[in-house]
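Colleague: First, the structure itself, so that you have it in front of you.
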Amino acid sequence: MVLLAVLNGTARDLGYKKYVGELAAHQISTFSLLILIGLYSGLVVKWWPPSSEKQALGIGITWSVLTLLFEFGFGKLRGNSWEQLVQAYNVTKGQLWILIPIGVALAPYIMFKFIVK
C-alpha cells in the first residue's frame, strides 16, 4: 500500500497539480488513492481470504493504525509540526485525507463481503 500511495502522490505532484491547484489535486489524489486501496484490498482478500468478517475488519483496522503511524512518524521525521500534520484532516478547509484511514480500515471488510461471502 505504501508503494501505491507514493505512486499516487507522485502522479499528483508531477502530473495534474499544476493544472488544478493544490486543494483540488489533494482531493483528486484522495479519491484515486481510495480506489487503489480498494483494488489492493480486493486482491489481498481474494488471495488470502480472512476467515470471518471480524478478521477482515481487524486486518483493516491494523492497516489503518499502521498507516497513521507511518504518516505521522514520517511527517515528524521530515520536520513537520503536529499542526501541519493534522491540517490534512481539516475537512472544513476542504481537506479530505481523513477518508484514507477510514477507507483503509473498511476496505478489507467490504471486499470480504463482496468476494468471499
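Colleague: Residue check: is residue 117 modelled with pLDDT under 95 and open to solvent by 40 Å² or more (accessible area, probe 1.4 Å)?
Modeller: Values: modelled with pLDDT under 95: yes; open to solvent by 40 Å² or more (accessible area, probe 1.4 Å): yes.
For residue 117, the condition - modelled with pLDDT under 95 and open to solvent by 40 Å² or more (accessible area, probe 1.4 Å) - is met.
Colleague: Is it the case that the stretch 84-97 has a residue that's among the hydroxyl-bearing types (Ser, Thr, Tyr), over 18 Å from residue 4 (Cβ atoms) and either open to solvent by 80 Å² or more (accessible area, probe 1.4 Å) or outside any helix (DSSP H, G or I) (or both)?
Modeller: Yes: one or more hits.
Colleague: Among the residues of the stretch 31-43, which ones are under 16 Å from residue 102 (Cα atoms) and open to solvent by 60 Å² or more (accessible area, probe 1.4 Å)?
Modeller: 31, 35, 39, 40
Colleague: Only residues that are more than 18 Å from residue 107 (Cα to Cα) and either open to solvent by less than 40 Å² (accessible area, probe 1.4 Å) or not in a helix (DSSP H, G or I) (or both): list them for the stretch 1-30, please. Give the derivation first.
Modeller: Step one: of the stretch 1-30, the residues more than 18 Å from residue 107 (Cα to Cα) are 6-7, 9-28.
Answer for the stretch 1-30, where residues must be more than 18 Å from residue 107 (Cα to Cα) and either open to solvent by less than 40 Å² (accessible area, probe 1.4 Å) or not in a helix (DSSP H, G or I) (or both): 9, 15, 21, 24, 25, 26.
Colleague: Now for a different question. Could you figure out which of (1) modelled with pLDDT of 95 or more; (2) open to solvent by 70 Å² or more (accessible area, probe 1.4 Å) isn't true of residue 70?
Modeller: Every listed condition holds for residue 70 apart from (1).
Colleague: Using beta carbons and a limit of 6 Å, which pairs, at least six apart or on different chains, have the first residue in the stretch 93-116 and over 18 Å from residue 39 (Cβ atoms) and the second one in a helix (DSSP H, G or I) and open to solvent by 40 Å² or more (accessible area, probe 1.4 Å)?
Modeller: 94/23; 96/27
Colleague: Also: Exactly one of (1) under 16 Å from the mean Cα position of the chain (by Cα); (2) within 24 Å of residue 7 (Cα to Cα); (3) open to solvent by 40 Å² or more (accessible area, probe 1.4 Å) is unmet by residue 77. Its number?
Modeller: Checking residue 77 against (1) under 16 Å from the mean Cα position of the chain (by Cα); (2) within 24 Å of residue 7 (Cα to Cα); (3) open to solvent by 40 Å² or more (accessible area, probe 1.4 Å), the one that fails is (1).
Colleague: Scan the stretch 36-57 and report the pairs whose first residue is free of Cβ contacts under 8 Å to residues at least 40 places away in the same chain and whose second residue is surrounded by fewer than 16 Cβ atoms within 10 Å (Cβ to Cβ) and polar (S, T, N, Q), with Cβ atoms within less than 7 Å and a gap of 6+ or a chain change.
Modeller: Matching pairs, first to second residue: none at all.
The values are calculated or read from the model by the stated rules, or taken from the named source; none is laboratory data. As the structure is a prediction and not an experimental result, all values here were calculated from the model. With ideal geometry, Cβ positions are generated from the backbone for all residues, glycine too; neighbour counts draw on all protein chains shown. Just so you know, the surface numbers come from the protein's heavy atoms only, side chains and all, with ligands and any DNA or RNA stripped out. Shrake-Rupley method; radii C 1.70, N 1.55, O 1.52, S 1.80 Å.
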